[in-house]
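Take a look at the structure set out below.
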Amino acid sequence: MVWQSQSFVGKRRLQTVLRTWNGDVCFVAKELWEPAHSEEAGTSSGLSDLVTAIVSAATANQRLMTAGSAWSFENLIQSDGWVLSLKNLNRRLHYVTDGDAPALSETWRQRQTAAHSKRRLVHVEAGITLGALSQLLQANRNEAWSLPTLGGTNGQTLAGAIATSTHGGECEQAPLSDLVRAIHLVTDGGRQVWIEPRSEAVTDDARLRAVLPYEDTEIIRSDELFNAAVVSMGRFGVIYSVVLEVTQAFNVIEVVTAVATADVLQALADGVSTSEPLAPLLSLLAKLPYPQKPNVQSEAVGGVYSCQLVCASRNTRRCWATRRWVTRENAIPLNTPTDPRAVHVLVARAARGLARVGAALGVPVGPSLCRVLSLGFDRQTQEGRRGPFHLLASGTAGASQHIPYVVDAIEIIFPVRAPQLARFLDVVFTAAEYYEQAGFIAIRPSRASSSTLSMHNVDDSHAYAIEFATLKHMHGSKKWLQFIHQQALLHGGRPHWGLYNKLTPEDVYRLYGEKCHRWHRALWSLTRDSMRFSSDFTRQRGLDPSSLRLIMAARRNSAGEITHLAGGPDAAWSPISVRDAIADIRSGTQSYAIASGADLSFIVETEGTRGSEGELSAVPSHAPADRLLAALPTMP
Ligand SMILES: Cc1cc2nc3c(=O)[nH]c(=O)nc-3n(C[C@H](O)[C@H](O)[C@H](O)COP(=O)(O)OP(=O)(O)OC[C@H]3O[C@@H](n4cnc5c(N)ncnc54)[C@H](O)[C@@H]3O)c2cc1C
């Protein structure tokens, strides 16, 4: 049974032009649905409007993409059908976590209501921007909370940021998706699902059911489904709300120090063979002089909390290290960020203008622009800053709404101890001078993520993200990004889903391996072969059931061995020999799977008893899955 409002009270616009932040993707949505605000009381028109929109899309047989702030750079929100915007669904919800935390499990309830707890669960609608969320968390001065990690800006929506694994540069924090403890998802047909991990369930079934707006909402506790659904580029459905674990609000001090890039690269390389991979870098930075204010020695509490290394992208010999430390609660603000001043806007506009003029006249302006940028970085070394973490990490909400420049950007993520990282950095830093581009290169560490398809889900404790941003309209900007993308693939680095990302299904499989199978299995278990939330972006990257070959039958030889695999009568592929299927599987060009109800088993190559040809097996390889191959009907 599906719950929906009698009528849709939000806005519904026809033939609406939508554009991503840097203008690379522009399209006309046949219909744009904007559910109305939720009511403060909790049970809400917002959710019912959202369900109505999804049911209507199913009735009209339209694909539906969910848009956040459209800050992703590729065609993630582009739809040949309808688009849904959750911009009005930005309220705090009280029915699960607040008051005496009625829906939480006993353990979490005790934590949630303990007077001096430094952690809290908050339940918010997923269309809220990160900037508005920080403000909301700080609204009560006596009990202020904070996200423990943030990117450099905050205009993204919570769901949009989570969906692509947005992250910051906090040394011991994973990306934002790892702060999520539960999601309320609405998927095809208006089906509502509350998903949380089984290993760390936060709610209790009966209690949760009693407070959810719609009592037939399914409650699923599964690590596999939860970890896949959070970073899923909108493919699992629409995230209506999120339970996040936040931390007590805290202040930080920040200093910026110049350092030779060669020393930084050496420190990163030294980290590869140590048990504390960030230690060589942090020790190098610890030797550098601090500005007089703030006084790091006396004010810092604990080790470095955030770290970012940045250099101008055409002037890479020197870089600037921004470090932050947690400091006292009652710290006096120093140089805290404000909304952009007129002078900054003017400089940014001048740079934009120069980039365009240079491109039009064929005059190289990259080196001059980068010299100006370096001067700007240098000025920051004179005096540090002190203030609330969210402000120093990501600026004011106003600043993110009015960013005066437009860039092309790519970010590549490597395990912190990847041996190829040093080589990658060497190649791109050397090549930077040869491209007519101007912007910055930034390196940020984070903890590894447990979200299945997070770029940060690496086999290491931490990951480095290396971002390359260059002013849009520069003659060489796109070529520069193409070059970095190509080098990333050569060296095993993963491009951020939310920035420049041209991965093919083979690339995705090479970079994520078996994690792709886990993600697909989770998607299949929830929505089978539904195409409602399928986008060009997910299809082009093989993140769609339609990109799998589902095996329905097999041809066997006289000894009963499978020689060919085949799809059903409606399959868009012809029977294929086991040898060719193995070649596809090896190269990652094509995945083969067998569906059995809600279960999806991938066909993998196992050590062959027939020499190098290998054999096929189904995973998960517990007996029933393996038996699926044997049970395939024989085709003529
Ligand atoms: C100026 C700028 C600065 C940036 N800084 C950083 C940074 O510091 N660190 C970093 O990691 N990244 C950064 N990014 C990248 C950015 O965080 C990601 O692209 C992010 O996904 C954008 O969020 P959004 O709200 O704009 O989502 P959109 O771009 O609108 O959508 C992104 C994806 O989320 C899905 N989605 C949106 N809402 C929902 C929902 N309710 N339910 C299900 N799926 C949904 C969409 O379908 C889409 O697949 C930056 C981008 C820009 C433009």
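The values are calculated or read from the model by the stated rules, or taken from the named source; none is laboratory data. Since this is a predicted model, take the numbers as computed values, not measurements. All Cβ positions, even for glycine, are placed from backbone atoms using ideal geometry, and neighbour counts span all protein chains on display. The accessibility values were calculated without ligands, DNA or RNA, using every heavy atom of the protein model including side chains. Shrake-Rupley method; radii C 1.70, N 1.55, O 1.52, S 1.80 Å.
Some points to look at:
- Within the accessible area of the chain (1.4 Å probe), percent carbon and sulfur: 51 percent
- When Rg and the Kirkwood Rh are both derived from Cα coordinates, the Rg/Rh ratio for the chain amounts to 0.98.
- When Rg and Dmax are taken over the Cα atoms of the range 1-142, they come to 17.9, 52 Å.
- Percent of beta bridges antiparallel (DSSP, the chain, rounded to nearest 5): 85 percent
- 0 to 90° range, to nearest 10: angle between helix 261-271 axis and the chain longest Cα axis: 50 degrees
- Based on protein heavy atoms only, the range 250-388 ends up with 53 Å² per residue of surface accessible to a 1.4 Å probe.
- Put simply, the amide H of residue 438, placed in the peptide plane, has neighbours under 5 Å in 471, leaving out anything fewer than 5 places away on its chain.
- 5 Å binning of all Cα-Cα separations within the range 232-296, expressed as whole percents from 0 upward: 3, 12, 14, 12, 10, 12, 12, 11, 10, 3, 0
- Only helical runs count toward this figure. For the chain, summing -39,500 (n - 2.57) over DSSP H runs of n ≥ 4 and dividing by all residues gives -9000 deg cm²/dmol at 222 nm.
- The fraction of all Cα pairs in the range 261-369 landing in successive 10 Å bins from 0 to the largest distance is 11, 29, 28, 23, 8, 1, given as whole percents.
- Convex hull volume per residue in cubic angstrom - Cα atoms of the range 160-256: 120 Å³
- Gain upon complete extension [residue 510, residue 301; 0.36 nm per residue less C-alpha separation]: 71.1 nm
- Partnerless cysteines, meaning none of the other Cys C-beta atoms lie under 4.7 Å away, in the chain: 26, 171, 307, 370, 516
- Calculated FRET efficiency, residue 15 to residue 346, Cβ-Cβ distance, R0 = 51 Å: about 0.90 to the nearest 0.05.
- The range 60-103 residues near the modelled residue 205 label - backbone nitrogen below 17 Å, point 7 Å along Cα→Cβ: 103
- Phi to ³J(HN,Hα) by Karplus 6.51 cos²θ - 1.76 cosθ + 1.60 over the range 307-314, Hz, x for Gly, Pro: 8, 9, 10, 9, 9, 5, 6, 10
- Were the residues from residue 329 through residue 135 laid out at 0.36 nm apart, the gain over their Cα-Cα distance would be 68.1 nm.
- Each Cα pair under 8 Å and six or more residues apart adds its sequence gap; the mean of these over the residue count of the range 1-249 is a relative contact order of 20 percent.
- Average silhouette area of the range 419-483, convex hull of alpha-carbon atoms, in square nanometres: 5.1 nm²
- Where labels lie 7 Å past Cα in the beta-carbon direction, separation of residue 357 and residue 39 in nm: 5.9 nm
- Of every Cα-Cα pair in the range 1-249, the percent that sits beyond 35 Å: 10 percent
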